[in-house]
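S.K.: Mind having a look at this structure? Questions to follow.
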Amino acid sequence: MNEELWKDIKNYEELYEVSNTGVVRAKRTGLLLKLMDNGAGYMGVSLCKGGVYHRRYIHRLVAQAFIENPEGKPQVMHLDHNSKNNHVSNLAWGTQKENTLQGIRDGRINSKPRGKTKKLTLEDRTKAIIHKKLGKGVQETATLLGFPRTTISSVFNSRSAPEWVEFITEELEGISDDRLVCYLERNSEGEALT
């Protein structure tokens, strides 16, 4: 029952195969490919064909090889919500709605109506950039400033007011970390940084 099974990877039939346990190997050498985390916990591999590399997620490769999908559902769900557990027994095809409902049902997604969220001011963006310059991560900065992680991530990655983020980042170059810490401690609106 727990036997490891191997199947060819679609479009790479002569080159690679995937197992029902969630690993990929090169057919020519039999060597396992190195798994890479995408930063959000999903494991992937780089497959090469004709000198071109393509990143593929393990959970999708396993599902495509071992799980029928007669309804053509677009997503592969991790039944135990562990994105690193890519064993075929932990995967199922589903829709975005089914994936979300499973997360709500299992208590992994908060389904309560959200209150009104406060808007980022230029001052808030400036503080976020200062925290980033001081080496703080997205989650820590979000907690310190009282914003959702995704909001602070958009500042860190210049998706929120990119011109302002670029301007402030350049302006902070000549200011010492001690001065920036003092500024954050005072937490004053409009306090000059010079």
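The numbers here are math on the coordinates, done by the rules we state, and not lab data. These numbers come from a predicted model, not from an experiment. Ideal geometry is used to build each Cβ from the backbone, glycine not excepted, and the neighbour counts take in all protein chains shown.
S.K.: Over segment 79-184, what is the relative contact order in percent, taking alpha-carbon pairs closer than 8 angstrom and at least six residues apart?
M.R.: Dividing the mean separation by the residue count of segment 79-184 yields 18 percent.
S.K.: May I pose another question? For a quick protection proxy, order the peptides 26-32, 138-144 by their average other-Cβ count within 10 Å, most packed first.
M.R.: Taking the mean over residues of other Cβ atoms within 10 Å, the ranking is 138-144, 26-32.
S.K.: With the calculation restricted to Cα positions, what are the radius of gyration and Dmax of the chain in angstrom?
M.R.: So, for the chain, Rg and Dmax equal 22.8, 69 Å respectively.
S.K.: Considering Cα pairs under 8 angstrom that are at least six residues apart, work out the relative contact order of segment 1-98 and quote it in whole percent.
M.R.: With pairs under 8 Å counted, the relative contact order is 22 percent.
S.K.: Give me the extension gain from Thr95 to Asp178: residue separation times 0.36 nm, minus the current Cα-Cα distance, reported in nm with one decimal.
M.R.: Length difference between fully extended and current span is 24.9 nm.
S.K.: Please arrange Lys132, Lys84 by counting, for each residue, the other beta carbons lying within 10 Å of its beta carbon, fewest first.
M.R.: Lys84, Lys132
S.K.: Sticking with this structure for a sec: Report ³J(HN,Hα) in whole Hz for each residue of segment 47-53, in order, from the Karplus equation J = 6.51 cos²θ - 1.76 cosθ + 1.60 where θ = phi - 60°; Gly and Pro get x.
M.R.: Each residue's phi maps through the Karplus curve to give 9, 10, 9, x, x, 10, 8 Hz.
S.K.: Over all directions, average the projected area of the Cα convex hull of segment 1-103 and note it in nm².
M.R.: For the Cα atoms of segment 1-103, the hull's average projected area reads 7.2 nm².
S.K.: Residues with amide H under 5 Å of Ser160's amide H, sequence separation 5 or more or different chain, H placed in the peptide plane at 1.01 Å from N; which?
M.R.: Long-range HN contacts for Ser160: Val155.
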